[in-house]
Amino acid sequence: MSEKSVTLPVTGMTCANCAASIERGLKKLEGINHSHVNFASEQAAVSFDPQKVRLKDIVENIRNSGYSVATTKVELPIIGMTCANCALNIERALNRDVPWLVSATVNFASERAAIEFVSFVSNLDDIISAIKKAGYGAIPPDDVLEGEDAEQAARNAEIKDQTRKFSVGVLFALPLFALSMLRDFNLIGPWSHAPWVNWLFLFLATPVQFYTGWDYYVGGLKSLKNGSANMDVLVALGSSVAYFYSFTVLVFPFAGGHVYFETAAVIITLIKLGKLLEARTKGKTGGAIRKLIGLQPKTATILENGIENEIPLTPVKVGDVMMVRPGERIPVDGIVLEGESAVDESMISGEPMPVDKQINDMVIGGTINGEGLLKFKASRVGKETALAQIIKLVREAQGSKAPIQAIADRVSAIFVPAVIFTALMTFALWWGITGEFTPAMIRLVAVLVIACPCALGLATPTAIMAGTGKGAEKGILFKKSVALENATKLDIIVLDKTGTITLGKPAVTDIIILDKSFKNEDELMALAASVEKGSEHPLGKAIVNEAKKRNIDLREPENFKAAGGFGVEARIGGRAVRVGKPKWFAEVGIDITKAED
């Protein structure tokens, strides 16, 4: 009997009885040989039979007892998947080859693996090695932490590879198809029936079969090696039957009279077109996440010993002091140490009005600073920032499985064997009834080829990914894909704040003249908008936009000054103009009580 031992870091224990409670719970599991929980060190030493119990079951047992096991969760971009069964193959390989894996969920549509493992006793190298051993690739998280550049480069390389192979397929399959069809319908001369023409067909079909279609052979062998059959098996089988039957007829003419090289070439080229479109579509559906990532600046201005240094965002750590100038994006979450400003937080809250910030206020990474200079201390960086959590939320929703997908997964698991069985039965039936091999073979190929794209295994996860991605573009976030599915049953929606249903951009709605020396609204707007011309404040931009709508000519402001958190002032045609908050006017003795209503 094989035995494995693991030491798990346990959190949530408050006394020795907690440790005893965990031990009792573990002993109920079949396959546990020995368990000892140490309250002082907060560790559980467990010996178990991996044939009877999995680490996942042990961790779940501890959690069901009311405690937690410290595990590491990571998302790895996966390269090389061609269908939903590839995702299942990777999951099986990880569960089989990585001993300290808690869970692994691979999503084919988003091409990501959500993995939870006990980092106390394992590391990512084991996981990446297991994925590579299964015949696929994984992008290490270090590359992901540097931005999405490495992942995006890999995605772009895949699209280029698919485009190149499809182009070769079209280059050879198109003339092959045209010549073959013209010959079959006797639309070209007798020369087309000469033996050398079939050798030309072989020459045209071979690059398509073994270059454009090579991915299907590799993918099919991978899936069979992992104990299942994916869609690539169907493509490889269907095209290979047509190709090698034709090759046999060409080499041994007595075996038959007609060749079907064009069938194999057209099958592969058309399906490669589908794969190309699929790769491009998946690239677009990830655009919402990339837009969210784009909200985070690449660099931060850090203050060290009174000296400002611009550094990449990755090395920034909690406690670092940073400066944010007017108009810049705030790099990470933090607490204001010096300065006053108004910050545009519409990307987080949806509220169009900027939020005033002063000493001890919290600022959020990715939001836009107004006119004031802010000095703040980083409180949350990297994956802990609010923006990173939003990105994580969208990704988790895209990677999660909706209830309807469980049905699709169950059907997909038996779909390929069922199609192969149906194809063989069709072949046997036709051959048995007609006694002719060629018509039976053609129908076998038809069954295999028509079934091979398998929209069922792809449609549900892709729909979830597209739905959550489109929602993120519109500012609607789904915590889980089940929420997206349940949204179809909604009758009434209750919105909890105005920011949810506003545009996120302020606009001028009314102009009220309190000083009768102004002839009309346009004269007042001309002064206000001319001052706001140099402002980055959302309210300032709204005033300028209104002036443009009214075709008002704006003047260049002189001696422009921005008072952080209050407003802006300048001289327009020798006249001092101040635009800002009410309390700012009181400071210079201007009575605005008549404006209160």
Met81, Met181, ranked by accessible area, largest first (probe 1.4 Å):
Met181, Met81
Please list, in chain and number order, the residues 5+ apart from Lys357 or on another chain whose amide H is under 5 Å from its amide H, with Hs placed from the backbone.
Ser341, Ala342, Val343
Got a sec to turn the phi values of the stretch 135-140 into Karplus ³J(HN,Hα) couplings, 6.51 cos²θ - 1.76 cosθ + 1.60 with θ = phi - 60°, whole Hz, x for Gly and Pro?
x, 10, x, 9, 8, x
Within the stretch 35-88, report the GluC sites (Glu not before Pro) that DSSP leaves as loop and that have at most 12 other Cβ atoms within 10 Å.
none
Subtracting the Cα-Cα distance from 0.36 nm times the residue separation, let me have the gained length for Glu338 to Leu171 in nm, one decimal.
53.6 nm
At a 1.4 Å probe, what is the % contribution of carbon and sulfur to the accessible area of the stretch 472-597?
52
How much length would be gained if the chain were fully extended between Arg550 and Ile511, taking 0.36 nm per residue of separation minus their Cα-Cα distance, in nm to one decimal?
12.8 nm
Give the peptides 235-243, 168-176 in descending order of average Cβ contacts within 10 Å, highest first.
235-243, 168-176
Sorting check: for 539-546, 590-597, which peptide has the highest mean count of neighbouring beta carbons within 10 Å, and how do the rest follow?
539-546, 590-597
Using modelled amide H (1.01 Å from N, peptide plane; none on Pro or chain starts), what sits under 5 Å from the amide H of Gln43, excluding residues fewer than 5 places away?
Val10, Asn38
Using each residue's phi in the stretch 315-331, evaluate 6.51 cos²θ - 1.76 cosθ + 1.60 at θ = phi - 60° and report the 3J(HN,Hα) Karplus result to the nearest Hz, with x for Gly and Pro.
x, 4, 10, 4, x, 5, 9, 10, 10, 10, 7, x, x, 8, 7, 6, x
21 Å Cα-Cα reach of Lys489 towards lysines, excluding residues that sit fewer than 8 places from it in its own chain:
Lys401, Lys470, Lys474, Lys479, Lys480
Dipole size in debye (nearest 20) for the stretch 329-388 around its Cα centre, Lys and Arg Cβ +1, Asp and Glu Cβ -1?
320
Quick tally, 1.4 Å probe accessible area for Val266, Val98, sorted with the most first, runs Val266, Val98
Can you give the FRET efficiency to the nearest 0.05 for Phe421 and Arg164, using r as the Cβ-Cβ distance and R₀ = 25 Å?
0.10
Report the extension gain between Thr72 and Asp361 in nm, rounded to one decimal, defined as 0.36 nm multiplied by the number of residues separating them, less their alpha carbon distance.
100.9 nm
In whole percent, how big is the carbon plus sulfur part of the accessible area of the stretch 163-252, probe 1.4 Å, protein atoms only?
80
Rank by packing, highest mean first: peptides 183-190, 510-517, 431-438, with packing defined as the count of other Cβ atoms within 10 Å averaged across residues.
431-438, 183-190, 510-517
Need one number: nm distance between label points at Ile79 and Ile433, each 7 Å from Cα along Cα→Cβ, rounded to one decimal.
4.9
Sorted by chain and then number, the residues having a modelled amide H within less than 5 Å of the amide H of Glu328, at least 5 places away or on another chain, are Asn369
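The values are calculated or read from the model by the stated rules, or taken from the named source; none is laboratory data. Please read all numbers here as calculations on a predicted model, not as lab measurements. Methodologically, a virtual Cβ is constructed for each residue, glycine included, from the backbone with ideal geometry; neighbour enumeration extends over all protein chains shown. We work out accessible area using only protein heavy atoms, side chains counted, and drop any ligands, DNA or RNA first. Shrake-Rupley method; radii C 1.70, N 1.55, O 1.52, S 1.80 Å.
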